[in-house]
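The values are calculated or read from the model by the stated rules, or taken from the named source; none is laboratory data. Just so you know, these numbers come straight off a predicted model, no measurement behind them. Please note: Cβ atoms are built from the backbone with ideal geometry, for glycine as well, and neighbour counts cover all protein chains shown.
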Amino acid sequence: MTAFPCKPALLLTLVALTGFAASPARAQSTVADGEKLAFDRGKGNCLTCHVIRGGDLPGTIGPELKDIKTKYPDRNELVAILFDETKRNPQTMMPPFGRNRLLTDQEISAIVDFLQTL
């Protein structure tokens with residue numbers, strides 16, 4: 001016998017609600033992590049090529065990163081660009097962060113979360 005007798009449907013509801021309650025905090029955390037990675041000169045290094053609001057000493061090789069959610073409403077497209085833009089544009093200067101394992105899938109996802117706030 002369990003210490004907390006309850007019906008499976010109630011348990012599933014509680015688990016689902018717990019996940020929903022944690023998601024805004026988790027989303028804020030990934031946005032903050034993504035911003036750190038994007039501004040980190042040794043990791044994401046986005047500022048080397050892009051102007052990003054809040055970033056210091058930006059480059060101008062790539063486009064300014066603003067209105068990202070409007071430009072890329074499909075999040076997966078932005079993930080693909082960060083993973084390996086050469087698939088879409090073989091002449092790009094954009095490093096293939098995922099293909100070359102410069103960033104993990106989780107780090108790319110966090111950067112995308114951040115970029116979507118710009």
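Observations, loosely collected:
- Taken together, ARG53, ARG101 contain a single residue that is touching a residue at least 60 places away in the same chain (Cβ under 8 Å) and surrounded by fewer than 17 Cβ atoms within 10 Å (Cβ to Cβ), which is ARG53.
- When the range 89-113 is filtered for residues that are among the hydrophobic types (A, V, I, L, M, F, W, C) and more than 15 Å from LYS43 (Cα to Cα), only MET93 remains.
- Among the criteria (1) surrounded by fewer than 16 Cβ atoms within 10 Å (Cβ to Cβ); (2) assigned to a helix (DSSP H, G or I); (3) in contact with a helix residue (DSSP H, G or I) (Cβ under 7 Å, 6 or more places away or on another chain), the one ASP113 does not fulfil is (1).
- Selection over the range 56-83 of residues that are in contact with a strand residue (DSSP E or B) (Cβ under 6 Å, 6 or more places away or on another chain) and either in a loop (DSSP other than H, G, I, E, B) or without any contact (Cβ under 8 Å) to a residue 12 or more places away in the chain (or both) gives a count of 0.
- Selection of the range 80-118 for residues being closer than 21 Å to VAL31 by Cα and among the β-branched types (Val, Ile, Thr) yields ILE81, THR104, ILE108, ILE111, VAL112, THR117.
- Scanning the range 43-73 for residues being within 16 Å of the chain's Cα centre (by Cα) and among the hydroxyl-bearing types (Ser, Thr, Tyr) gives a total of 2.
- For the range 27-40, the count of residues that are loosely packed, with under 10 Cβ neighbours inside 10 Å, at pLDDT below 95 and not charged (D, E, K, R) is zero.
- Every residue from the range 34-88 that is within 19 Å of GLN106 (Cβ to Cβ) and among the basic types (Lys, Arg): LYS36, LYS43, ARG75
- Count of the range 43-82 residues which are of a type outside the set (Asp, Glu), in contact with a helix residue (DSSP H, G or I) (Cβ under 8 Å, 6 or more places away or on another chain) and farther than 22 Å from ASN100 by Cβ: 5
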